[in-house]
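These notes concern the structure reproduced below.
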Amino acid sequence: MRLESMRSWFRRSLWVLLLAAGAGWLLAASGEEDRGQALLLTVSDAIGPATGDYIIRGIERAERDGAELVILKLDTPGGLDSAMREIVKAILASDVPFVTYVHPAGGRAASAGTYMLLGSHVAAMTPATNIGSATPVQMGGGFPGFDDPDGGRSRGQERDRNSDSDAEKSGDAAADDGEEAEENAADEKVTEEKEEKRRGDTAMERKVLEDAVSYIRGLAERFDRNADWAEEAVREGVNIGAREALELNVIEFVADNLEDLLEQMDGHAVRMPWGEKVLETANIEVVRVDPDWRTNLLAVITSPNIAYILMLIGIYGIIFELSNPGSIYPGVIGAISLVLAFYALQVMPVNYAGLALILLGLVFMIGEAFLPSFGILGIGGMVAFITGSIILWDDPDLNISLPLIFGTALVVGVFSIWVLGRLFRLRKVTPTIGREEMMGMVGEAREDFDRSGRVFVHSELWTADTTAPVEAGQKVRVVGLDGLRLRVEPLPDDAVDPVDARS
């Protein structure tokens, strides 16, 4: 009886444990399903094609995995306009809310970063960070005066204006002097001409400025942020800190860290393409997505100078391999460089007219090595090459170093005209060793034979086959080689004596 009771008790205990375990598993699974996921991206460098590829792929992954949120930790001095616009377009079209968080303390979202912040569904900053300076400028030489609230005059132009004003005052004081009056009139005419020229020079710059103003106002208004400050950041290049940005309704949150930001965002409503969405970030799982090898590689090769050099190495590696089949190394290096260059070009705003001019210039310079054009092809090729290199990119922020362009053009011109010319001329030289040397060589028959016999060629005694009868001492010419047997044909008696025939 006691044994039966113990068995019954054991069975009941086992059932209770199984039920408890099942209930715990169901609760845990339910909790995991309820817990959302947020992808965390990090950008701490200039905005470029590699950055755009990284962020856009992050958004696509979030949409594919059903993530609740994408958070971008941003610290950037600015970057390319084309890359920034691609990122903003991807954010605005995203089905997943996108949060841009300027972090860490001491960081900034300047220039292109300001547009990205204002174009996000949620804008947040860490204390001791700043945003602004969104005036469009061109790398290597900007748009003078766009940051100047006095109407776009640079400091030098302001000095000219003050000098002209002083000249006018001195002219008024000496109005009785006829010569000075004439000089003042001439100065006024020169000043007017300068002003006309300045207005013409800044017409394109004004277009770029107004386009940027319209763009940033549209982004700010879409999410009910301070569009007037956004315009001021473009026209005057102003900057503000995190607290002031919150007070001016430029951003929604100021948070000390990511946990603080998630806590503040819980229950916040954001405007999505399909309607309003309330964020639930209280129990969200943050998954960090760091830049992978593709992003790191793209960051290196999408430098305009690097992509340009890779393209030239690839083109000349292939040319050298085709001119010397079997060299292997030039072909391998050229193919790899060309593939990397094309990989970079497909994410960069390439001007195909510039690319065509570069290729045309290379063809002309190579043609100079073979055609007696008295330098016309070579000079035309260098002009086309330099022009194509300068206009290779459609984005004005992408510029190849001018010393690199001119230095490369000089090296490429010398290489194409001199080195390749000598290389192809060497291919026409008669071979002096090997199988090719024997072809056409003249020798002497050592015996009479109708089909096979011995001949003396190249200071050596060879076995030769012939299709015509040969007499001893008769001259023969080598027309073929089968292993160690020659194929010869008899020559008339008045043929030129062989150079190395032996009597």
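This table checks each residue for (1) under 17 Å from Gly52 (Cα atoms); (2) crowded, with 20+ Cβ neighbours inside 10 Å.
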{"position": "Ala67", "(1), (2)": "no, yes"}
{"position": "Val70", "(1), (2)": "yes, yes"}
{"position": "Ile87", "(1), (2)": "yes, yes"}
{"position": "Ala93", "(1), (2)": "yes, no"}
{"position": "Phe98", "(1), (2)": "yes, yes"}
{"position": "Arg108", "(1), (2)": "no, yes"}
{"position": "His121", "(1), (2)": "no, yes"}
{"position": "Thr126", "(1), (2)": "no, yes"}
{"position": "Ser133", "(1), (2)": "no, yes"}
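Which one is surrounded by the fewest Cβ atoms within 10 Å (Cβ to Cβ) among residues in the stretch 454-489 that are of a type in the set (Ser, Thr, Tyr) and farther than 12 Å from Met438 by Cα?
Keep residues of the stretch 454-489 that are of a type in the set (Ser, Thr, Tyr), which gives 459, 463, 466-467.
Filter again for farther than 12 Å from Met438 by Cα, leaving 463, 466-467.
Details: Thr463: 13, Thr466: 20, Thr467: 11.
Among those that are of a type in the set (Ser, Thr, Tyr) and farther than 12 Å from Met438 by Cα, it is Thr467.
Any idea which of Asp75, Asp53, Asp81 is over 18 Å from the mean Cα position of the chain (by Cα) and not hydrophobic (A, V, I, L, M, F, W, C)? Spell out the reasoning first.
Working: Asp53 fails: over 18 Å from the mean Cα position of the chain (by Cα); Asp81 fails: over 18 Å from the mean Cα position of the chain (by Cα).
That would be Asp75, the only listed residue that is over 18 Å from the mean Cα position of the chain (by Cα) and not hydrophobic (A, V, I, L, M, F, W, C).
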Given (1) over 29 Å from Glu205 (Cβ atoms); (2) modelled with pLDDT of 80 or more, number of the condition Ser389 does not satisfy: (1)
The listed residue being crowded, with 16+ Cβ neighbours inside 10 Å and charged (D, E, K, R), out of Arg235, Arg288: Arg235
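Would you point out which residue out of Val254, Val287, Val250 is under 16 Å from Leu69 (Cα atoms), assigned by TED's automatic domain parsing to the domain that holds Asn226 and touching a residue at least 60 places away in the same chain (Cβ under 8 Å)? Show your work before the answer.
Values: Val254 fails: under 16 Å from Leu69 (Cα atoms); Val250 fails: under 16 Å from Leu69 (Cα atoms).
Every option except Val287 fails the conditions.
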Of all residues in the stretch 352-377 being among the β-branched types (Val, Ile, Thr) and at pLDDT 80 or above, the one that is nearest to Ser389 (Cα to Cα): Ile358
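The values are calculated or read from the model by the stated rules, or taken from the named source; none is laboratory data. Only a predicted model underlies this, so the values are computations on that prediction, with no experimental measurement involved. We place every Cβ from the backbone using ideal geometry, glycine too, and count neighbours over all the protein chains shown.
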